[in-house]
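We did not get these values from a lab; they are worked out from the coordinates using the rules stated. As the structure is a prediction and not an experimental result, all values here were calculated from the model. Cβ coordinates were reconstructed from backbone atoms using ideal geometry, including for glycine residues, and neighbour counts include every protein chain displayed.
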Amino acid sequence: MIPARALVLLALFPLGLAVATLLDRTLLYPMLAVDLAIALLAGFDALLARRALITVHRHAPAVFSIGKPNVVTLEVRSSARRRLAVSVTDDLFATAGSADLPLSLDLAPGGRETARYRVIPSRRGAHSLGDHHVRYPSPFGFWIRQITLAAELPVKVYPDVQAVRAYDLLARQDRDPSASRASRRRGGESEFERLREYRRGDEYRSIDWKATARRQKLISREYQLESNQSLLFVLDAGRLMTARSAGLSLFDHALNATLMLSHIAARGGDRVGLLAFAGEITSYAPPARGAGAARQIIQAGYDLHPELVESNYGAAFEHIGLCVRQRSLVVLFTQVVDEVAAAELVRMMRGVLPRHLPLMVLLRDVEIDELVEGAAVDPYLRGAAAELVGWHDRLVHDLKKHGALVLDVTPAELTPQLINRYLEIKARHLL
């Protein structure tokens, strides 16, 4: 029980009498009588409030998306014969937050209300939502009854599965993301797939004039890209990938993009796999086909985290050479800031060609780019930032010169740019 404001204010009256007793001793017994009355009244109120009147039932998805608001629903029931103003909060795991808690509800006698709050996790892995903590006033309002309801619920925090669900919804509505449509239009048509209504932005040469005349509206031909090819996502989980951007680590941005592209590639009939490494190989899921392949990547990567060790590119590419026989698009997500790592990366690219097609995804440091572009920045600081950006651009040039494809992108733009590049590679038959 927690004393309510009404009880605190009521207690001020005998306190005033106690002060007055110092001047007039005849007020001693009235003061004691008031104290006793308040104590009896408060005790009787506490006795009436001893029984728990609230139950809470929680509905939450078994899988949360990292960095996204995940909705949790609480069903709150009252067994009281009076109206209750109820406050409810939940114990969250250490790496999650919610701006919606505590929840405030007004329950009618014997009523039921549903409330929702959003949980934003910042770390993947297996976690648990904890107990409910409920507060409501006693019958006379002298106390705030606080109860704890045991309700531990295990949840798994995955990469951004919400984006995949949104993509599936658009696909079912025959509305592929605009990035996908744009890449399809850039040529490389290989096999006729279907006729569909003309969409704004389609090339005029894709219009089927016979079908247009027959249906009295513009009809376009759509071509499918070659399937049954192989993609291997290679994720650097070394110390540089622990840097954060927009609330997530660079590794999480890479894993989110991997999940989205693996889902798209698997839907298109390609084989997808995952290799993660830091000082050594930390996870490997061989390339596989079908809907289960994307789920395999989720399971292989959802509890992986970057480590504060140097990245061992040699171990990663040695594993690729031994285990990946089919020619594959090898998509490496990494961050490079020194000459030694850059030289090793260029050497590894020469070794993987021409057996595989490497695509280097280099994540730009947004803060350094802002220093270069900022007008009010200290000139020496701006010069140092410009030198780092120039070195980064030279690395991109060297990788391209040795035959690797390079995607130099900020973390926020990673997923759409990567999907576009993948579809462009397919359309140009580079794989």
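Apply 1/(1 + (r/R0)^6) to the Cβ-Cβ distance of Leu430 and Thr242, taking R0 = 25 Å, and write down the FRET efficiency to the nearest 0.05.
0.20
How would Asp24, Asp252 line up from fewest to most surrounding beta-carbon atoms within 10 angstrom?
By the 10 Å Cβ count, ascending: Asp24, Asp252.
What is the Cα convex hull volume of the stretch 1-89 when expressed per residue in Å³?
Cα-based convex hull of the stretch 1-89, divided per residue, equals 138 Å³.
From the backbone phi of the stretch 322-338, what are the Karplus-calculated ³J(HN,Hα) couplings (6.51 cos²θ - 1.76 cosθ + 1.60, θ = phi - 60°) in whole Hz, Gly and Pro given as x?
7, 10, 10, 8, 6, 4, 9, 7, 9, 9, 9, 9, 7, 9, 10, 9, 9
Using only Cα atoms, tell me the angle between helix 379-401 and the longest principal axis of the chain; keep it within 0 to 90° and round to the nearest 10.
Roughly 50 degrees between the two axes.
Please give me the summed charge of the neighbours of Leu275: other residues whose Cβ is under 13 Å from its Cβ, Lys and Arg +1, Asp and Glu -1.
-3
Could you give the length gained on full extension between Glu387 and Val63, defined as 0.36 nm per residue of separation minus the Cα-Cα distance, in nm?
Separation in residues times 0.36 nm, less the Cα-Cα distance, equals 112.3 nm.
What is the gain in length, in nm to one decimal, between Asp378 and Leu9 on full extension, counting 0.36 nm per residue of separation less the C-alpha to C-alpha distance?
Full extension of this stretch gives 127.0 nm more.
Given points 7 Å out from each Cα along the Cα-Cβ axis, report the Glu113 to Asp338 separation in nanometres with one decimal.
That separation, rounded to one decimal, is 5.8 nm.
Thr95 versus Ile38, label points 7 Å from Cα toward the beta carbon: distance in nm?
Calculated label separation equals 5.0 nm.
Would you mind checking which residues have amide H under 5 Å from Val324's amide H? H placed 1.01 Å from N; only 5 or more apart, or other chain.
none
Neighbouring Cβ atoms within 10 Å as the yardstick, rank His305, His397 fewest first.
So the ranking, lowest neighbour count to highest, is His397, His305.
Can you pull the percent of Cα pairs in the chain with separation above 42 Å?
39
I want to verify the translational diffusion coefficient of the stretch 208-336 in µm²/s; compute it with Stokes-Einstein, Rh as the Kirkwood radius over Cα pairs, at 37 °C and 0.692 mPa s.
Reported coefficient: 204 µm²/s.
Could you pull the Cα extents of the stretch 54-158 along its three principal axes, largest to smallest, in whole Å?
46, 21, 21
Return the Cα extents of the stretch 2-48 along principal axes one, two and three, sorted largest first, each rounded to a whole Å.
Principal-axis extents of the Cα atoms in the stretch 2-48, largest first: 37, 17, 10 Å.
Multiply the residue gap between Ser206 and Thr73 by 0.36 nm, knock off their C-alpha separation, and tell me the result in nm, one decimal place.
Here the answer is 43.1 nm.
Once label points are set 7 Å from the Cα along Cα→Cβ at both Leu195 and Gln326, what is their separation, rounded to one decimal in nm?
Distance between label points: 3.4 nm.
Just report the Cα centroid separation between the stretch 310-352 and the stretch 228-275, whole Å.
So the separation of the two Cα centres works out to 15 Å.
With n ≥ 4 as the cut-off for DSSP H runs, can you work out [θ] at 222 nm for the chain, using -39500 (n - 2.57) per run divided by the number of residues, rounded to the nearest 500?
-12000 deg cm²/dmol
Quick one: what does P(r) look like for the stretch 276-431 with 10 Å bins over all Cα pairs, in whole %?
Histogramming the stretch 276-431 at 10 Å steps yields 9, 33, 38, 15, 4, 0 percent.
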